[in-house]
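This report concerns only the one structure given below.
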Amino acid sequence: MATSQVWFITGASSGFGEAFARYALAHGHRVVATARDTDKLAALTATAPERVLAYPLDVTREGAAEAAVAAAVERFGHIDVLINNAGYGIVGAVEETSAQALRAQMDTNFFGAAAVIRAALPVLRAQRAGAIVNISSMGGQMSFAGFGAYSASKFALEGLSEALAAEVAPLGIKVLIVEPGAFRTNLAGASMQHMPELDAYRDTVGHTRAFAHAMHDTQAGDPAKAAAAVDQALRADHTPLRLQLGQDALDAVREHAEQLLRDLATWTPVGAATAFDGTD
Ligand code: NDP
C-alpha cells in the first residue's frame with residue numbers, strides 16, 4: 001500500500017472512528033471523515049484542513065454512501081482504506097426488544113455497512129487495491145443475555161465479511177474484521193439503547209444492564225492503540241481475517257472457540273451418523 005493513503009471512515013465523530021481518523025492524519029494520510037453531523041468533525045478537521053474531507057453520511061440513508069464515495073474520489077482521487085465503524089448498541093432481552101428496535105439495529109450496524117461497501121467496491125476494484133475494515137465486536141463471535149440484537153447485527157456483518165473476503169481477494173482487496181472488547185468510547189454511554197425491562201429477565205439481562213452502565217468511561221481499551229493495531233494488521237504480509245483487540249476479547253473468543261471444539265468432538269458421532277445408509 002502507498003505510504004500516503006486515503007482513509008474513508010464512517011462514524012468519525014466519536015470513539016473509534018475519531019481515533020482512526022486522528023491516527024491516519026498523524027501518519028500523514030488523507031482522511032474522508034464522515035458523520036451524521038459534520039459539525040462534530042470541526043475539531044478533527046482543524047488539525048489538518050488540507051488533508052481532511054468532512055462529509056455528511058448517515059449510513060442508513062439511501063444513496064448517501066454513493067454520494068460520500070463520489071465526493072471522496074473527487075477530492076482525493078482514490079480510497080485505500082475503508083473503515084465501516086458507524087454503529088450503536090442495544091441492551092435488552094430478545095423479548096424486550098421490539099421489531100422496530102431490532103430492525104433499526106440491523107439497519108445501522110449491518111445494512112449501513114453493506115451499503116458503504118457496495119458504494120466503495122467499484123472504486124477499489126478499479127484500483128485493484130485497497131482494504132475494507134469492518135468493525136465488529138467480540139460480540140460478533142459470541143453472545144450473552146441482553147446482547148442478542150447487537151450480536152445479531154455483528155454476526156451478520158461477520159458472515160457478510162467472510163464471504164466478501166473470498167470474493168475480493170483475487171481482485172487485490174483485503175478484508176479485515178475487527179473484534180474489540182471494551183474500549184473507552186461513547187458506546188456504553190449515548191450510543192447504548194436500553195430496552196424497556198421485563199421482570200422475568202432481572203437475573204439474566206439485569207447483570208448485562210448493570211455491566212453496560214458500569215463500563216462507561218472505565219473500559220480498559222484505548223481506541224488510539226486500537227487504531228495502531230488495525231494499521232499493523234493491514235500492513236502485514238498476511239493480514240488476518242479477524243483481529244481481536246483487548247485481553248477481554250482475546251480471552252472470550254478463545255474460550256468460545258474451545259467450547260465449540262469440545263462440543264464438536266463430543267457430538268461428532270451423532271452428527272456423522274445422519275447420512276442415508278450406504279452413503280457414509
Ligand atoms: P461511539 O458511540 O463513540 O461512536 C459511534 C459512532 O457511530 C458515532 O460517530 C456515531 O455518530 C456513529 N453512528 C451511529 N449511527 C450512525 C449512522 N446511522 N450513520 C453514521 N454514523 C452513525 O462508539 P464506538 O466508537 O465504540 O463505536 C464504533 C464501533 O465500534 C461500533 O460499530 C461499535 O459497535 C464498535 N465496538 C465498540 C466497542 C467498544 O467497547 N467501544 C466494542 C466492540 C465494538 P453520532 O456522533 O452521530 O452519534
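Within the range 139-148, does at least one residue satisfy the condition of being aliphatic (A, V, I, L, M) and touching a strand residue (DSSP E or B) at 6+ places or on another chain (Cβ under 7 Å)? No - not one qualifying residue is present in the range 139-148.
Filtering the range 228-263 to residues that are farther than 16 Å from Ile177 by Cβ and either within 16 Å of the chain's Cα centre (by Cα) or within 16 Å of the ligand (Cβ to nearest atom) (or both) leaves Ala228, Gln247, Asp248, Asp251.
In the condition set (1) touching an Asp or Glu at 6+ places or on another chain (Cβ under 9 Å); (2) free of Cβ contacts under 8 Å to residues at least 40 places away in the same chain, Arg242 is compliant with all but (2). Test of understanding: among Gly77, Gly112, Gly89, which residue is on the phi > 0 side of the Ramachandran plot and modelled with pLDDT of 95 or more? That would be Gly77, the only listed residue that is on the phi > 0 side of the Ramachandran plot and modelled with pLDDT of 95 or more. In the set (1) farther than 30 Å from Glu95 by Cβ; (2) of a type in the set (Ser, Thr, Tyr); (3) surrounded by 10 or more Cβ atoms within 10 Å (Cβ to Cβ), Thr274 fails one condition alone, (3).
Identification of helices (runs of 4 or more DSSP H) wholly contained in the range 1-100 with 1 or more residues that are more than 15 Å from the ligand (Cβ to nearest atom) and closer than 22 Å to Ala224 by Cβ yields 15-26, 42-47.
The residues listed here are Ala145, Ala165; of these, the one that is in contact (Cβ under 8 Å) with a residue 60 or more places away in the chain, surrounded by fewer than 21 Cβ atoms within 10 Å (Cβ to Cβ) and closer than 26 Å to Asp80 by Cα is Ala165. With the requirement that a residue be within 22 Å of Ala93 (Cα to Cα) and away from the ligand (no atom under 16 Å from the Cβ), what does the range 151-199 give you? Met195, Pro196, Glu197, Leu198, Asp199, listed by residue number. A single member of Thr185, Thr204 is surrounded by fewer than 19 Cβ atoms within 10 Å (Cβ to Cβ), touching a residue at least 24 places away in the same chain (Cβ under 8 Å) and β-branched (Val, Ile, Thr), and it is Thr204.
Taken over the range 12-65, residues that are farther than 29 Å from Ala220 by Cα and of a type in the set (Phe, Trp, Tyr) amount to 1. Scanning the range 114-142 for residues that are under 22 Å from Val81 (Cα atoms), buried (at least 22 other Cβ atoms within 10 Å of the Cβ) and not aliphatic (A, V, I, L, M) turns up Gly130, Asn134, Ser136, Ser137, Gly140.
The values are calculated or read from the model by the stated rules, or taken from the named source; none is laboratory data. Here the structure is a predicted model, which means the values were calculated and not measured. Every residue, glycine as well, gets a Cβ built from its backbone with ideal geometry; the counts of neighbours run over all protein chains shown.
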